[in-house]
Amino acid sequence: MKAVLDHVGIAVRDLEAALRFYRDALALEIEAPEDVPGQRIRAHMVPVGESRLELLEATAPDSPIARFMEKRGPGLHHITLRVDDIRRALNQLKARGAKLIDEQPRPGAEGALVAFIHPSTAHGVLVELKQPARPALGTAPDTLHPARHPAPGTQRPAPVGRVNLGDLELISLSDGFFRLDGGSMFGVVPKTLWSKTTPPDERNRITLGMRPLIVRGTRTMIIDAGLGDKENEKFCEIYGVERTRHLDHALAEAGLSPEDIDIVLASHLHFDHAGGFTVRDGNGRLRPRFPRAQYVVRRGEWEDATHPNVRTRASYLLDNYVPLAEAGVLQFVDDDQTIMPGVKVRRTGGHTPHHQMVLIESGGRTAAFVADLIPTTAHVPDAWIMGYDLNPLDTLAAKQRFAGEALEKEILIFFEHDPAIAAGYLREENGKRGIIPALS
Ligand SMILES: [Zn+2]
Ligand SMILES: [Zn+2]
């Protein structure tokens, strides 16, 4: 049994005071909290090198954490050791007389299996064993991606997820869901492979999320803005649009309004990314959706979007962006450059010749908003490239370059169209890649 320190759990009575120490005084980054309703606990993970601290708050008076603090006060609650095979580890411990709280592993956070060992065995410390969820790494070649995507019609509205990255705050939003033909979404990959993890509906369509990203730093930026609400019933029927909860709800949940946005950054101008850039006012006139914002668009993309051809015109809808030019709120970028401190764009090409991704860097950490370069976690394998892409070999080259960087720098990757996973980390085992989910 090879055990690795995964995290140290600390029971916290006054979260604000704890954050003043761990976040402010120690300058550590705190991940978005995760609720464990069964335990009536809210966990705040704090990465410290290879392992993490876990600040544990009780969410109800009968929570085990509340009971623990009644007896012993706040402080060290448990340590968690990561093992490859939790069942074998438990058998081994039992054979050597260890007192176990859990004889069988049970489900823990993030899809892991966990079991507790009694403190009387572990010399006064509660020890948790954890076998992390395996995102299908190193298993059958057609199950490289971690989560089975929800069947169409069963997806839940994505909650607002926050991550701190150095001096920046990243907030993942949702503009609801839509559906596209599964074959078109996976290009040359046979349906027998993609349908295993991404089940299609009766019209062969798969469900996609639309997840714009807020970056808050010296200014407040939104990257892409979903579909918006200008499309008619026929359009919404064809594309299976489901926007009962959309971007306005998500912004409100994040404590923001369209007036708070200083910069709107476009990955490219397809309708599922730029539809939310404009709205129709009471007089039927189109105007910018974010009244104070400058809209930043790659010049080549603008040229292509305003001169669509028979292949591209179903995706480029002029009402989404021509009104921005008329309102004088457009800013063009010609090169890979910094848009605001910590945020720079990089042209990937491929999907469209001037499609760009966004790299976000602060406090020594990097996040990437990859847009349609890797639209969902199912598109992580190199050859899983959309049939929609105009230059698939450029997509391939950009994906390969990015994958190397993502592994080396532990980049937090935001997946704009994944219906279930907002962001995660790329992992490679035995030459196979998968995603460790970080934000749903
Ligand atoms: Zn696109
Ligand atoms: Zn798209």
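Per-structure values
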| read-out | value |
| --- | --- |
| Beta bridge orientation in the chain: antiparallel %, DSSP, nearest 5 | 75 percent |
| Accessible solvent surface per residue of the stretch 378-423, calculated while the other protein chains remain in place, 1.4 angstrom probe, Å² | 36 Å² |
| Surrounding net charge for residue 392, when Lys and Arg each add one and Asp and Glu each subtract one, Cβ distance under 14 Å | -2 |
| The chain, helix-only ellipticity at 222 nm - DSSP H runs n ≥ 4, -39,500 (n - 2.57), divided by all residues, nearest 500 | -5000 deg cm²/dmol |
| Amide H contacts of residue 48 (H built 1.01 Å from N, under 5 Å, at least 5 apart or other chain) | 53 |
| Net +/- balance of residues flanking residue 18 in space, Cβ distance below 11 Å, scoring K and R +1, D and E -1 | -1 |
| Length gained when the stretch residue 430-residue 336 is fully extended (0.36 nm per residue, less Cα-Cα span) | 30.5 nm |
| J(HN,Hα) series, the stretch 366-382, from Karplus relation 6.51 cos²θ - 1.76 cosθ + 1.60, nearest Hz, glycine and proline x | 10, 10, 9, 9, 8, 6, 8, 5, 9, x, 9, 5, 5, 8, 5, x, 3 |
| Under Karplus coefficients 6.51, -1.76 and 1.60, residue-wise ³J(HN,Hα) of the stretch 50-55 in Hz, glycine/proline x | 6, 10, 9, 9, 10, 7 |
| Inter-label distance, nm, simple model (7 Å from Cα along the C-beta direction), residue 3/residue 51 | 1.0 nm |
| Paramagnetic reach from residue 76 in the stretch 39-61 [backbone N under 15 Å; point 7 Å along Cα→Cβ] | 53-54 |
| Simple label model, 7 Å out from Cα along Cβ direction - residue 62 to residue 327, nm | 5.2 nm |
| Of all accessible heavy-atom area on the chain, the percent that carbon and sulfur account for (1.4 Å) | 50 percent |
| Pairs beyond 22 Å (Cα-Cα), from 2/130; 409/432; 71/94; 230/344; 2/71 | 71/94; 230/344; 2/71 |
| Summed residue charge, Cβ within 13 Å of residue 262's Cβ, Lys/Arg positive, Asp/Glu negative | +1 |
| Contour excess over end-to-end distance, with Cα ends at residue 306 and residue 116 and 0.36 nm allotted per residue | 62.4 nm |
| Cα centroid separation - the stretch 4-80 against the stretch 326-390, whole Å | 35 Å |
| Per-residue ³J(HN,Hα) for the stretch 249-258, Karplus 6.51 cos²θ - 1.76 cosθ + 1.60, θ = phi - 60°, Hz, x for Gly and Pro | 4, 5, 4, 4, 4, 7, x, 10, 10, x |
| Backbone N under 14 Å from the residue 218 label point (7 Å along Cα→Cβ), restricted to the stretch 258-294 | 263 |
| Counting DSSP beta bridges with both ends in the stretch 258-352, the antiparallel % (nearest 5) | 40 percent |
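The values are calculated or read from the model by the stated rules, or taken from the named source; none is laboratory data. Note that the structure is a prediction, hence the values are computed from the model and not measured. So basically every Cβ, Gly included, is an ideal-geometry build from the backbone, and we count neighbours across all protein chains shown. The area values use the complete protein model at the heavy-atom level, side chains included, leaving out ligands, DNA and RNA. Shrake-Rupley method; radii C 1.70, N 1.55, O 1.52, S 1.80 Å.
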